Structure formats: structure tokens, C-alpha cells
Amino acid sequence: MMQRMAAVDGLLNLLVAQGADTLTLVEGKAPELTRGGELKPLSMPPLGAELLQRFIAELRATGTSDRYVFAGKSGTVEFEVEIEEPHRMVFRRADVGQGVAAAAATATPASSATLAPGAGRTTPAAFAAAGTMASPAAPPPAAADPLATARFVELVTRAVVAEATDLFVSSATDARMRVSGELHELPASRFDEASLLALFALDDAQRARLDAHGSVDIGLHVEGHKLRVNVFRHRGGLAAAIRPLRRIRSLAELGLPPDLATLSELSDGLVLFVGPTGSGKSSTLAALLQHLNETRSRHVVTIEDPVEFEYVGQRCLFHQREVGRDVESFAAGLRAAMRESPDVILVGEMRDAETFAAALTAAETGHLVFSTLHSGSAAMAVDRIIDAFPPHQQDQVRGQLAGALRAIVTQVLLPGMQPGRLVPALERLHVTHAVAHKIREGRGHQIGDDIQTGRGDGMVTLEASLADLVRRSQITLATARSAARKPELLRELLQQ
């Protein structure tokens, strides 16, 4: 039985599309293609030892170490494989199937066929926005140029293989991808505005949102990879921030403490995950819901923009709803969810007073509500929620929040000791009677003191999390110092 190697297959797909003969992977160097004896390094960060060892392990899982059959879109290609453990791996083309030989002869046009439309849809564009709902009267979007499509497929593949957290494409400059927090330029990868619009295949509603608000969120499927995309206008034209969405990983795989899973076992209330964009909040929430899926029988309703992780029900029943397609807004989805008998509600992001109010009502009425908020700390999150309401409502909101809030987890991602790895650090607030009293009285700015003295209640300061990561050689002392809000507290903890 043929097995797929997701990471390596992305690189082999580039080899086939570009008519190359050999793919060489060497620790400490970017992957290299060879075509007609000419070496072509790919515009990617150097391969780390951990990633190369994963490639080797994946190959051995197929049952052989010297040959690999790659199943492409147009046929199959057999590769001879050389492994010089632990630092080098070479794939050399051995036997080309007829379909792939034709594709290699016309590499650029054929590449456009590798982008699949959304399930059940046919679109003239090379690929379709996943989960979008076009008006029946809408004219078909312009077909994406095959050259632009091929370049976009290559960029996405490189980003996925490099385990980039973000890929940025623009009409103003070459693309860049973010790996371990650092931006890497991808030369000769600028797109014009028309090409970007054709690639993203926006429907009428999405195009209207882009024109009215300057940005729109969509979901895409490219070469089997699911992407979350924000398309936005800027002074230089059009751009997009693209985030590859990986499989749901466990708390352990994400490097998170196992006792975080207790948050999914609460019976009701509001649990917030806060932090900057790209801090891993959505991945952590997905891990918690998957833990719930494996351990308890619950009805879970998610309201997302767009849907990021797709859950396969085990013990839980999942209904996932997308803003703009299944529901009008987060607030409207929350109000509807309370009539759908859920036990758990996930709100992808809380952005406005209407959503805050609906989430508090749901949490007060016996539902467990998870959500994310862009904020730098628990105290700032509390203030942001209260300040979203007019002054005459704020006392009432403080009372609701004090009664409904169960926990706030602040998460940041930091460069790890291992090259290419990001490590999460957490601050954890559990709402005790003392914390609830401070929220009710408008003394949310004092919450930090409760976190510092609340170790017995399961609270953890950011500095304690950083100190633990330094002791376990997960991050450097310099990284910890740069992330600490109270450097003196970090110093004291490290001296203990």
C-alpha cells in the first residue's frame, strides 16, 4: 500500500512541476533541485536536523529506505533514495509515468491543475475560496493565469515545508514567509493585483466586503493544504496574509502543560485565550476541544471566520458555522447557538460589544464558552471588554464578567533553542472570589498581583513560565528577558 509523506511530497511536487531530476536535502542547507546538471537552491530557510530526521522517519514508515513512489496529480514518479544518516537525503528520479512525463514537459501550465476547487464546486478560477457562497447571479471570476497559479502553488508548498507560520504575498513587493518569527524574502514572487484577485476567486459578497472595509477573510485549499487568508488593500495595491493550517495537535505536541486540559472540563463560564496575532491561540483552543472530543460526550458549536480546524466527532458532536456563510456575525451566531442546545461554544474571536454581550449571556446561562481576544495580558483583556461598552452599562458588565469569567490564558510564542522551533510561554489567571471582587469593583489593573500570589489556585505568571522554559533549556536567558514584563521577578525566580 502506497503511503504519503506530506512534507517531502510538497518538495517532490516542485521537482516534477519544474522538470527537475534530483532533490537533495542536507542539514543546514536549503533544499536543492538539479535539472540538466544545473543546481537550483530553493528560496527556503536551511533544513534543521529535526526536520530532516522526520523526513527519514517518514520514508522508513513506507516500508522501504531506497525507493519511493510519489503519486502526483497527473501520474506517478518513482525515485531512488539515498540516505546518509543523519545529515543528507537524496531523491533521484528513476522511472516517470506517462502522465507525469507530459506534465514535466509543460511544467508551468500543468502546475495549474494541482490547485483543487472547494468540495462540490466548479469554478473557472484555478482554485476556489473554500466555504464561500457566491450569488447565483454573480458573473464568474476571471480565470487565474497559469503562470501565477504555478508560482502561488510553489510559494505555499515552500511555506508548508519550511513550517512557516505566515506567508505574505503582495502587489508591491516580493513574497515573504515567517519562520521562527523571522521574515525570509522569496525572490521573483511579486503578483499584480489582477492576478491576486483571480487566485483568491472572491465571490460578490467577499468582493463587496473588501471594497467596503479594505479587507476580507477567506479560506482556501491548495494542494491539500488548508489556508486561512486575509486579503487586504494597501497603498501599493493588494496583498494577503496567509496562514497554513495544520492538523489538530495535542497539548503535548504544542509544548503546553498537560493540566491546561482541565479548562475543557469546566461545566460553564467564559474562558479567554489572549495574546498577539500569531501567538498560537487558535491551535491551543483546537487542542483543548480535541481533548474534550476524546474524553467527554458533549455538543460543541463553533462560530469562526473562517473555519480553521475541522473536527471529526469521536465522543463529541460538532457543528461548525462560518461567519458570512452560515451566520451573519459572531454575535448572531452566539444568539442562535443558545437555541441549539450546545454544551460548549467556541467563538473564533471577540471583536465588539455585541459579541462580548452575547458571550457573557451564553456563559451565564450554563454554557462553556471559549474565545480569543487580542490583548497583552489578563488585566488588559478585562479592561478591553468593559471599555467596549458605553459608560452607563459598564457597572452591569463588570458584574456579569465577574460572575461568568472562569480563566484567562495569555500566550506568547518565542524562538526556541532548537533552530526553527517556536516555544509557547503562558500566563494563567483563574477567577477566584478575590479576582471576581476586583473585577466587580473596577480594580482589574490589580489582577496581576493575584496571579503572582495565586500559585495554590493554579495561577502562573508569565515570568514563572519563562523561568521554567529557561531551566528546561527550551529558550535562552536572553529570550526570556526580552519577553518578561517584570525582569526583576524573572531574575528572582531563576535564582531560587
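With just the Cα atoms of the chain, tell me how far they stretch along each of the three principal axes, in Å, largest first.
73, 63, 47
From the protein chains alone at 1.4 Å, what is the descending order of accessible area for E488, E308, largest first? Before the final figure, lay out the partial values.
Details: E488 90, E308 25 Å².
I get E488, E308, largest accessible area first.
Pop out the ³J(HN,Hα) list for segment 366-371 in order, Karplus 6.51 cos²θ - 1.76 cosθ + 1.60 with θ = phi - 60°, rounded to Hz; leave Gly and Pro as x.
Each residue's phi maps through the Karplus curve to give x, 9, 8, 10, 10, 7 Hz.
Can you tell me how much longer the chain between E50 and L477 gets when fully stretched, taken as 0.36 nm per residue apart minus their C-alpha distance, in nm with one decimal?
On the way: separation 427, 0.36 × 427 = 153.72 nm, distance 2.25 nm.
Value of the extension gain: 151.5 nm.
Using a 1.4 angstrom probe on the protein heavy atoms only, line up D457, D450, D21 by accessible area, largest first. Kindly include the intermediate steps, with their values, before the conclusion.
Working: D457 95, D450 20, D21 65 Å².
Ranking D457, D450, D21 by accessible area, largest first, yields D457, D21, D450.
Rounded to the nearest 5, what is the percent of antiparallel bridges among the DSSP beta bridges in the chain?
On the way: 66 of 93 bridges.
Here the share of antiparallel DSSP bridges comes out near 70 percent.
Can you tally the net charge around R421? Count Lys and Arg as +1, Asp and Glu as -1, for every other residue whose Cβ sits under 10 Å from the Cβ of R421.
Details: positive: none; negative: E50, E163.
With Lys, Arg at +1 and Asp, Glu at -1, the neighbours total -2.
I'd like the accessible area for F356, computed on protein heavy atoms only with a 1.4 Å probe and all protein chains in place. Round to 10 Å², please.
10 Å²
Leaving out ligands, DNA and RNA, what percent of the accessible area of the chain is carbon and sulfur, probe 1.4 Å? Don't skip to the answer; put the middle values down first.
On the way: 10990 of 21800 Å².
For the chain, the apolar C and S fraction of the accessible surface comes to 50 percent.
Using 0.36 nm times the number of residues separating D457 and D211, minus their current alpha carbon distance, what extension gain do you get?
Working: separation 246, 0.36 × 246 = 88.56 nm, distance 4.89 nm.
Working it through step by step, the gained length comes to 83.7 nm.
In nm, to one decimal, how far is the modelled label at E84 from the one at K486, with both set 7 Å along Cα→Cβ?
5.3 nm
For the full complex of protein chains and a 1.4 angstrom probe, list D9, D387, D352 by accessible area with the highest value first.
On the way: D9 10, D387 105, D352 70 Å².
From most accessible down to least: D387, D352, D9.
Rolling a 1.4 angstrom probe over the protein chains, ignoring ligands and nucleic acids, what is the accessible area of S250 in square angstrom, nearest 10?
The accessible area comes out at roughly 50 Å².
If you place +1 on the Cβ of every Lys and Arg, -1 on the Cβ of every Asp and Glu, and leave all else neutral, what size is the dipole of the chain about its Cα centre, to the nearest 20 Debye?
Details: 51 positive and 58 negative charges, 47 e Å.
Here the chain has a charge dipole of around 220 debye.
Got a number for the accessible area of H225? Probe 1.4 Å, square angstrom, nearest 10.
40 Å²
Please give the contour-minus-distance gain from D387 to T365: 0.36 nm per residue of separation, less the Cα-Cα distance, rounded to one decimal in nm. Please report the intermediate quantities before stating the final value.
On the way: separation 22, 0.36 × 22 = 7.92 nm, distance 2.31 nm.
Separation in residues times 0.36 nm, less the Cα-Cα distance, equals 5.6 nm.
In Å², and per residue, what accessible area does the chain have when probed at 1.4 Å with the other protein chains present? Walk me through the numbers before you get to the answer.
Working: 21800 Å² over 496 residues.
Per-residue accessible area for the chain comes out at 44 Å².
Could you tell me which trypsin sites (Lys or Arg not before Pro) in segment 439-469 are loop residues by DSSP with no more than 16 other beta carbons within 10 angstrom of their beta carbon? Could the numbers behind the result be given before it?
Values: sites: R440, R443, R455; in loops: R443.
For trypsin sites (Lys or Arg not before Pro) across segment 439-469 that sit outside H, G, I, E and B with at most 16 neighbouring Cβ atoms in 10 Å, the list reads R443.
For each pair in K40/K226; K281/K486; K29/K486; K40/K281, compute the distance between the two Cα atoms and list the pairs where it is over 32 Å. Kindly include the intermediate steps, with their values, before the conclusion.
Working: K40/K226 28 Å; K281/K486 23 Å; K29/K486 38 Å; K40/K281 37 Å.
Among K40/K226; K281/K486; K29/K486; K40/K281, the Cα-Cα distance tops 32 Å for K29/K486; K40/K281.
The values are calculated or read from the model by the stated rules, or taken from the named source; none is laboratory data. Remember, it's a predicted structure, so these values are computed and weren't measured experimentally. Don't worry about glycine lacking a Cβ; one is built from the backbone with ideal geometry, like all the others, and counts go over all protein chains shown. Side chains included, ligands, DNA and RNA excluded: accessible areas come from the protein's heavy atoms. Shrake-Rupley method; radii C 1.70, N 1.55, O 1.52, S 1.80 Å.
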